[in-house]
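Data first, discussion second: the structure below is written as structure tokens.
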Amino acid sequence: SKRLEGKTVLVTGASSGIGKSVAQEFARTSPKSLKVIITARRIDTLKTVAAEIAKEVGDGVKVLPVQLDISKPEEVERFVPNLPAEFRDIDVLVNNAGLVRGMDRAPDIKAEDMEVMFATNVTGLINMTQAVMPIFLKKNGGQDGGSGDIINIGSIAGREGYAGGSIYCATKAAVRSFTEALRRELIASRVRVIEIDPGQVETEFSVVRFYGDKAKADAVYKGVEALTPDDIAEIVVFAAGRRENVVLADSLVFPNHQASATIMHRKS
Ligand code: NDP
Ligand code: 8X3
């Protein structure tokens, strides 16, 4: 979209899955003058993603890989001031980094899993938002309360709790509440606050959930046709590419076979 030309986009969790696709799709859609900052903990993987983007769309898009653990507040605090000046004027923040750990029922939930999920999915997302918001609020000399896009990746899990998902569901419900409150706080500004809630997407999500057990992760997607990361990326880029007066505020995106977190048609 022409509307994205010259913009600077920041994607968290861009080393894999949805975040990686979001970075790629922004580059594909606006291959001439876009700047994309891709962040995650795995810097080597991010460098590979940057090289893949350059190979696919050429060097009209400037991609900056930056190592960042969003669950560490001190890293998030240093992040914006440490950006090279030409990447600092961020226009679009895609808060995508997030994870699930385990399927334990309440009595067995591990303290560490609970801490990591909240520190990443909730506090990390909020800290990132706080780090970038001053840039948005000052845009256009602060006229109309600034502008910019905050695109939060929630989940169907934030709309309904399912057995074995209580903590993850609680973190995504927190994302939902934070996003809604933020949109209301920013009513007098041109900042757009957008939430996109995917259903099942095949990524490294389940491998992470089962602590690296690939066989268990594969079983999750057996007999179903999950969404691909590109399916979600297209919607993220579509939302960012609308006219500034159009806010795709809140979207739930299922694959065809799915009708709730747990109701899905499985071919045997
Ligand atoms: P992946 O595991 O494939 O990707 C997750 C990304 O988040 C990775 O790039 C990972 O990078 C990054 N990440 C994890 N922890 C941190 C951290 N502390 N700091 C920075 N980056 C981090 O999963 P998905 O692509 O599926 O997940 C992306 C988002 O989509 C998540 O918020 C997830 O909850 C949400 N979602 C996923 C669904 C699905 O079915 N897959 C459905 C609904 C929502 P690294 O390890 O290098 O840090
Ligand atoms: C991922 C969706 O419901 O499989 O956010 O946990 S779910």
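The values are calculated or read from the model by the stated rules, or taken from the named source; none is laboratory data. The shown structure was predicted, so the numbers you read here are calculated from the model rather than taken from an experiment. All Cβ positions, even for glycine, are placed from backbone atoms using ideal geometry, and neighbour counts span all protein chains on display.
The set of residues in segment 208-233 that are surrounded by fewer than 21 Cβ atoms within 10 Å (Cβ to Cβ), more than 7 Å from ligand 1 (Cβ to nearest atom) and part of a helix (DSSP H, G or I) comprises 214, 215, 216, 217, 218, 219, 220, 230, 231. If only one of 176, 242 is of a type in the set (Lys, Arg), under 24 Å from residue 14 (Cβ atoms) and in a loop (DSSP other than H, G, I, E, B), which one is it? Being of a type in the set (Lys, Arg), under 24 Å from residue 14 (Cβ atoms) and in a loop (DSSP other than H, G, I, E, B) holds for just one of 176, 242, which is 242.
Which ones in segment 245-255 are in a loop (DSSP other than H, G, I, E, B) and within 16 Å of ligand 2 (Cβ to nearest atom)?
Scanning segment 245-255 gives 254, 255.
Taking residue 176 as the residue in question, decide whether it is in contact with a strand residue (DSSP E or B) (Cβ under 7 Å, 6 or more places away or on another chain), within 12 Å of ligand 1 (Cβ to nearest atom), among the charged types (D, E, K, R) and in contact (Cβ under 8 Å) with a residue 12 or more places away in the chain. In short, yes.
Exactly one residue among 49, 61, 9, 22 is at pLDDT 95 or above, crowded, with 20+ Cβ neighbours inside 10 Å and within 16 Å of ligand 2 (Cβ to nearest atom), and that residue is 22. Picking from residues in segment 12-34 that are aliphatic (A, V, I, L, M) and within 16 Å of ligand 1 (Cβ to nearest atom), the one that is farthest from residue 80 (Cα to Cα) is 18. Among the residues of segment 179-198, those identified as in contact (Cβ under 8 Å) with a residue 24 or more places away in the chain, surrounded by fewer than 22 Cβ atoms within 10 Å (Cβ to Cβ) and farther than 21 Å from residue 119 by Cα are 183, 186, 188, 189, 190.
Checked against (1) farther than 20 Å from residue 22 by Cα; (2) modelled with pLDDT of 95 or more, residue 142 passes all but condition (2). Pairs are defined by a Cβ separation below 9 Å, a sequence spacing of at least 6 or placement on different chains, a first member in segment 96-108 that is farther than 18 Å from residue 120 by Cβ, and a second member that is in a loop (DSSP other than H, G, I, E, B); the pairs so defined are 105/163; 105/164; 108/102.
Every condition in (1) modelled with pLDDT under 95; (2) among the β-branched types (Val, Ile, Thr); (3) away from ligand 2 (no atom under 11 Å from the Cβ) is met by residue 220 except one, and the failing one is (3). Counting only residues that are in contact with a Lys or Arg (Cβ under 8 Å, 6 or more places away or on another chain) and either at pLDDT below 95 or within 19 Å of residue 177 (Cβ to Cβ) (or both), segment 99-118 holds 2 of them.
Counting only residues that are outside any helix (DSSP H, G or I) and away from ligand 2 (no atom under 11 Å from the Cβ), segment 113-162 holds 8 of them. Scanning segment 248-267 for residues that are over 23 Å from residue 20 (Cα atoms), of a type in the set (A, V, I, L, M) and surrounded by fewer than 16 Cβ atoms within 10 Å (Cβ to Cβ) yields 259, 263. Considering only residues that are surrounded by 24 or more Cβ atoms within 10 Å (Cβ to Cβ), of a type in the set (Ser, Thr, Tyr) and touching a helix residue (DSSP H, G or I) at 6+ places or on another chain (Cβ under 6 Å), which ones fall in segment 25-46? Residue satisfying the conditions is 30 alone.
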